[in-house]
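The values are calculated or read from the model by the stated rules, or taken from the named source; none is laboratory data. Every value quoted in this text rests on a predicted model; they were computed, and no experiment measured them. FYI the Cβ positions are ideal-geometry reconstructions off the backbone, even for glycines, and counts take in every protein chain you see. With ligands, DNA and RNA removed, areas are computed over all heavy atoms of the protein, side chains included. Shrake-Rupley method; radii C 1.70, N 1.55, O 1.52, S 1.80 Å.
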Amino acid sequence: MQQVLAMLYLWLKAGHVIFVIFWMAGLFMLPRFFVYHQEAPEGSPENAIWVDRERKLMKIIMWPALVVVWVLGLLLTVSGEWFTQGWFHVKLLAVLVLTAYHFWLAAYAQNLAAGIRKLSGKKLRLLNEIPGVTAAIIVIMVIVKPF
Ligand code: HEM
């Protein structure tokens, strides 16, 4: 029985990391879409194509990936009894930052679809550092478990 549970834990972790990759891909791609989108004239056919691309990226990849990463992550946390670990607290904080960033991107996509272009391309490119730095903190915490 112990062996079955250990194997199940590894399958959970494999699924978790696979959907982490999908989620991260979306978090890096979407701000890029925003940059190119904002180079298209408002109301143009190209503008409508970008609105559609952003909607599909969120609906087909990013929202499902976010849900699966959280569900499998929490299942791993419960079965591994990691709640009290310092590394897990820092990881969870960093994941909450990444999740808040995901919601901000969703709101920005809705604004863009309504023709509201709040940030310059330069600022959007700068924002793309957030998932990179956060993911580095998360992966170091979960693999090295420094405390
Ligand atoms: C959404 C909330 C998340 C929770 C609750 C969570 C929780 C966990 C737990 C408990 C483990 C197993 C640790 C072990 O067995 O050593 C794990 C593994 C892992 N997590 Fe997460 N995680 C979450 C999100 C993320 C995100 C966003 C990333 C990357 C950006 C990530 C990257 C990883 C990696 C790479 C592993 C495998 C570590 C190893 O094999 O040692 N996780 N996660």
Review point. Longest segment of the chain with no GluC sites (Glu not before Pro) in a DSSP loop having at most 15 other Cβ atoms within 10 Å?
Key: 82-147
**Study point:** Helical contribution to [θ] at 222 nm, DSSP H n ≥ 4, -39,500 (n - 2.57), averaged over the chain, rounded to 500
**Key:** -27500 deg cm²/dmol
Review point. Given 37 °C and 0.692 mPa s, how large is the Stokes-Einstein diffusion coefficient of region 2-144 in µm²/s, with Rh as the Kirkwood radius over Cα pairs?
Key: 199 µm²/s
Practice item. Please pull out the direction-averaged projected area of region 93-146, using the convex hull of its alpha-carbon atoms, in nm² to one decimal place. Key: 4.0 nm²
Review point. Rounded to a whole number, what is D in µm²/s for region 50-123 from Stokes-Einstein with the Kirkwood radius over alpha-carbon pairs (37 °C, 0.692 mPa s)?
Key: 228 µm²/s
Check your understanding: Which whole-number value in Å² is the accessible area per residue of the chain, probe 1.4 Å?
Key -> 61 Å²
Check your understanding: Ranked by accessible surface with a 1.4 Å probe, highest first, in what order do W82, W104, W23 come?
Key -> W104, W82, W23
Study note, to complete from the structure: In degrees rounded to 10, the 0-90 angle between helix 86-113 Cα long axis and the longest Cα principal axis of the chain is 20 degrees
Practice item. Sum up the lysine pairs in region 2-144 that clear both bars: alpha-carbon distance under 29 Å and a spacing of 8 or more or different chains. Key: 13
**Study point:** Under-5 Å amide H pairs with Q85, H placed in peptide plane, nonlocal only
**Key:** none
Point to revise | Karplus-derived 3J(HN,Hα), 6.51/-1.76/1.60, for each residue of region 135-147, Hz, glycine and proline x | key: 4, 4, 4, 4, 5, 4, 4, 7, 8, 7, 6, x, 8
Check your understanding: In nm, to one decimal, how far is the Y36 label point from the Q2 one, both placed 7 Å along Cα→Cβ?
Key -> 5.3 nm
